[in-house]
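One structure below.
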Amino acid sequence: MQYWLFKTEPHCFGIEDLKKAKNQTTSWDGVRNYQARNFMKAMKCGDLGFFYHSGKNPEIIGVVEIVKEAYPDHFAWDMFNEHFDAKSTPEKPLWFMVDVKLAEEFKEPLSRKRLSAELALADMELMKKGSRLSVQPVSKEHFDYIMKIALHK
DNA sequence: GCCAACGTTGGC
DNA sequence: GCCAACGTTGGC
């Protein structure tokens, strides 16, 4: 069992969109970064990930569960999709996505400010300056630590 | 709005 | 294969 973090701009696809989605499940498509893609390929059903809003009010607002392991991101084949990439084809898919389902919405979101006050999280990928990875692994220690804060509130 | 960090592109 | 230029991300 591994832990992850999914970043998203709330006005693009936020927790409200996920809540409204069928079965509160969505495909995590549109990732066009090799490192992030490789992390998605490593995900297993049942793995958990934080749902993070970037932007004006950065915060972790919940937890999602991987419910479908990596499969080709067909949006990359659609010329009219904003994430179209001619290098990817149905025969040789380059980009992949997973399906995630809302597992838990925190009663109170954990703001980045709140998280950065925690020394124990200083070496977390998310908290590193200049970290732009939209899909990233989270250690069990960091995951548990953050869950403890979230549930304690 | 600013700017640092990072990934990608393309000339050589 | 190097690296400068450029575009994007994302916190502040």
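The set of residues from the range A:98-123 being within 16 Å of DNA strand C (Cβ to nearest atom) and either surrounded by 12 or more Cβ atoms within 10 Å (Cβ to Cβ) or basic (Lys, Arg) (or both) comprises A:109, A:110, A:111, A:112, A:113, A:114, A:115, A:116, A:118, A:121. Checking the range A:33-41 against the condition returns no match, with no residue being in a loop (DSSP other than H, G, I, E, B), over 24 Å from residue A:147 (Cα atoms) and in contact with a His (Cβ under 8 Å, 6 or more places away or on another chain).
Results for (1) within 16 Å of DNA strand C (Cβ to nearest atom); (2) free of Cβ contacts under 8 Å to residues at least 40 places away in the same chain, shown as yes or no for each residue.
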residue: A:33; (1), (2): yes, no
residue: A:36; (1), (2): yes, no
residue: A:39; (1), (2): yes, no
residue: A:48; (1), (2): no, no
residue: A:52; (1), (2): yes, no
residue: A:60; (1), (2): yes, no
residue: A:75; (1), (2): yes, no
residue: A:85; (1), (2): yes, no
residue: A:93; (1), (2): no, yes
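The listed residues are A:65, A:69, and the only one of them that is closer than 23 Å to residue A:88 by Cα, more than 15 Å from DNA strand C (Cβ to nearest atom) and part of a strand (DSSP E or B) turns out to be A:69. Filtered by the rule that a residue be surrounded by 14 or more Cβ atoms within 10 Å (Cβ to Cβ) and of a type outside the set (Phe, Trp, Tyr), the range A:81-97 gives A:81, A:83, A:85, A:88, A:93, A:94, A:97. Take the residues in the range A:124-143 that are surrounded by 12 or more Cβ atoms within 10 Å (Cβ to Cβ) and assigned to a helix (DSSP H, G or I), then tell me which one is nearest to DNA strand B (Cβ to nearest atom). Filtering first and then ranking leaves A:125.
Among the candidates A:69, A:118, the residue that is more than 19 Å from the chain's Cα centre (by Cα) and over 19 Å from residue A:15 (Cα atoms) is uniquely A:118. Within the range A:117-137, residues that are more than 16 Å from residue A:50 (Cα to Cα) reach partners that are of a type outside the set (D, E, K, R) and surrounded by 15 or more Cβ atoms within 10 Å (Cβ to Cβ) with beta carbons closer than 8 Å, at six or more positions or on different chains, in the pairs A:118/A:145; A:118/A:149; A:120/A:142; A:120/A:145.
Checked against the criterion of being touching a Ser or Thr at 6+ places or on another chain (Cβ under 7 Å) and basic (Lys, Arg), the candidates A:92, A:107, A:129, A:101 yield just one match: A:101.
No value in this document is a laboratory result; all are computed from the given coordinates. Keep in mind that what you see is a predicted model, and the values were worked out from it rather than measured. Because the Cβ atoms are built from the backbone with ideal geometry, glycine has one as well, and the counts that use them run over all protein chains shown.
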